[in-house]
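Below you'll find the structure, written out as structure tokens, and then a few comments.
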């Protein structure tokens, strides 16, 4: 973790969740007690159909609700898309952009991600910008080159610590059960920190939160969250169960003492 940076654990539900999932979300709200809330921010990003209902349920707790994607435009003839302003209107506080599954399944490029980050800020949302390398890129030894390219292309020039979160997700570790060694995670996160500080200045870049995302589970969370420059986690499948996501967030009870 990075001293003086408040960590964030964000759960990405992906294409999972129906109205009946409210019971599990309620358990998350109840488990996010005052002691845990003092140590770590907790956010759930459900499918768009549940954002408003979950945001209303979460009040007046400190558990935040975010979106999983947004369109670059505020409105228009874009059937099936959702604008950042719509998410904000539904009381979301953040939105994930550039997730590897969006990049792969929808052929999103860095320029698309950058425009979506700008849209998030236009609507007053925090942009959680995802970067990460595929297995072939890691095997070829070009991980840092790939990360640098994505950081340059996906993050707008007016990023600030208050409106940007970067999530590093080694694509080869998502949903596979494979997890990089702590040293591998530290290398990439330190690289990202250095690039952010060089581009945006130590004051801003040094305070931007960098999350790790890639098969984060209760049994490895404490080890991963304690790595230098890891300021929390972007959690996939384990975020669907209250016991699991709360256990991951609770790793900070041990880390912080």
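According to a simple spin-label model (label point 7 Å from Cα along Cα-to-Cβ), what is the distance in nm between residue 256 and residue 176?
3.3 nm
Tell me, what is the FRET efficiency for residue 204 and residue 77 to the nearest 0.05, using R0 = 51 angstrom and their Cβ-Cβ distance as r?
Once rounded, the FRET efficiency stands at 0.90.
Assuming R0 = 25 Å, what is the FRET efficiency of residue 33 and residue 6, from their Cβ-Cβ distance, to the nearest 0.05?
That pair, residue 33 with residue 6, gives E of 0.90.
Could I have the simple spin-label model distance between residue 109 and residue 49, label points 7 Å from Cα toward Cβ, reported in nm to one decimal?
My value for the distance between the label points is 3.3 nm.
Taking the Cα centre of each part, how many Å lie between region 52-92 and region 176-213?
Using only Cα atoms to place each centre, the spacing works out to 27 Å.
Volume per residue, Å³, of the convex hull around the alpha-carbon atoms of region 89-130?
Hull volume over Cα atoms, normalised by residue count, gives 63 Å³.
Provide the descending list of Cα extents for the chain along its principal axes, expressed in whole angstroms.
Cα extents, longest axis first: 49, 45, 36 Å.
Could you order the peptides 123-130, 61-68, 156-163, 184-191 from most to least packed, using the average number of other C-beta atoms within 10 Å per residue?
Highest to lowest by the protection proxy: 123-130, 61-68, 184-191, 156-163.
Values quoted throughout were computed directly from the atomic coordinates according to the rules given, and no laboratory measurement underlies them. Small disclaimer: the values here were computed from a predicted structure and weren't measured. Positions of Cβ are generated from backbone atoms using ideal geometry, with glycine treated the same way; all protein chains shown enter the neighbour counts.
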